[in-house]
Structure formats: structure tokens, C-alpha cells
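Okay, structure first, notes after.
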Amino acid sequence: MNDRAIDAILEIFTWVGFGAAALFGLLALVVRIADGSWVPAQVVIADDPGGRIARWFGHEGRVGAARLTHEQEHALAGRETADVFVRLGRHDRMRLTKGSPLVRLLSWLAIGFTALGVLSATLSLVVLFVR
């Protein structure tokens with residue numbers, strides 16, 4: 001393969017890696033801010049005619065309630081109480097994890113593309129000094 005072709009390929013991977021890392025990092029930040037604040041709570045799970053429902057006392061002293069999704073029902077099967085995370089300021093939102101799965105995905109994509117950019121830039125410098 002031609003030396004110029006190798007240089008061009010490494011430079012393309014460097015720019016794509018750093019550019020995509022910046023894009024996914026910015027998206028992760030925006031989604032994290034839009035996701036809001038989630039705090040731990042103890043919920044009581046009860047049966048309801050429409051399915052299972054979780055109830056908790058919020059930080060403002062109000063009672064919160066949320067219908068369990070199919071995945072939450074499966075994860076909390078047979079339990080009467082559970083430790084979950086509820087959104088501050090809302091009385092109808094809960095989830096089983098503190099962080100958002102979308103934020104986690106975007107963060108890992110940003111990390112992976114940063115690694116691609118660093119690896120490509122390093123290989124470009126190595127090739128430059130080997131010549």
C-alpha cells in the first residue's frame with residue numbers, strides 16, 4: 001500500500017474519531033441535563049386491576065405512584081417492596097437504575113470514538129517517525 005494512502009486513512013480515522021466523540025459527548029450531556037435528577041426511594045408494590053403499581057412518598061411529602069412496565073414487573077416479580085429511583089418534581093416517574101440507559105450508551109460511544117481518534121493519531125505519529 002502506498003505511504004500516502006496509509007497517511008490519508010490514519011488521518012481520516014483520527015478526524016472521524018475525534019469528531020464523533022465530540023458529537024456523542026455533547027449529545028450525552030444534553031440528554032443527561034434533559035433527564036433531570038433522580039433520587040433513591042423505597043416503593044411498595046401493590047396489585048391493581050390494570051396491573052402492578054408502585055407507590056412511594058416523595059421528598060415534598062406527596063405520594064407518588066407509577067404503573068410498572070413489563071420489564072419492571074419481571075425484575076420485581078414476587079416482591080412487595082423495592083429500592084428504585086424516582087424523578088424529583090414528578091410523582092409518576094420511576095426506574096430501577098439511577099442513570100439513563102441512553103446517557104450510558106452515548107457516553108460509551110463517545111469513549112470508543114475518542115479511543116479510535118487517539119489510536120489513529122498515535123499510529124500516524126509512529127508511521128511518521130518510522131520513515
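The values are calculated or read from the model by the stated rules, or taken from the named source; none is laboratory data. Just so we're clear, the structure is a prediction, and the values are computed from it rather than from any experiment. Using ideal geometry, Cβ is built from the backbone for each residue, glycine included, and neighbour counts are taken over all protein chains shown. In case anyone asks, the SASA skips ligands and DNA or RNA and just uses the protein heavy atoms, side chains included. Shrake-Rupley method; radii C 1.70, N 1.55, O 1.52, S 1.80 Å.
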Problem - Answer residue from the stretch 27-48, given it is loosely packed, with under 15 Cβ neighbours inside 10 Å and under 11 Å from the mean Cα position of the chain (by Cα) and is nearest to Leu88 (Cα to Cα) among those - result: Asp35
Exercise for the section: Scan Ala75, Ala66, Ala115 and give me the residue that is surrounded by 16 or more Cβ atoms within 10 Å (Cβ to Cβ) and of a type outside the set (Phe, Trp, Tyr). Expected result: Ala66
Fill in the blank from the handout: Note on the stretch 74-93: residues aliphatic (A, V, I, L, M) and more than 12 Å from Asp35 (Cα to Cα) are Ala75, Leu76, Ala77, Ala82, Val84
Completion exercise
Among residues of the stretch 51-63 being open to solvent by less than 60 Å² (accessible area, probe 1.4 Å) and not in a strand (DSSP E or B), the residue farthest from Arg93 (Cα to Cα) is Gly61
Completion exercise
Conditions (1) free of Cβ contacts under 8 Å to residues at least 12 places away in the same chain; (2) touching a strand residue (DSSP E or B) at 6+ places or on another chain (Cβ under 9 Å); (3) of a type outside the set (A, V, I, L, M) -> His74 fails only (2)
Fill in the blank from the handout: For the stretch 78-112, the count of residues that are open to solvent by 70 Å² or more (accessible area, probe 1.4 Å) and in contact with a helix residue (DSSP H, G or I) (Cβ under 6 Å, 6 or more places away or on another chain) equals 1
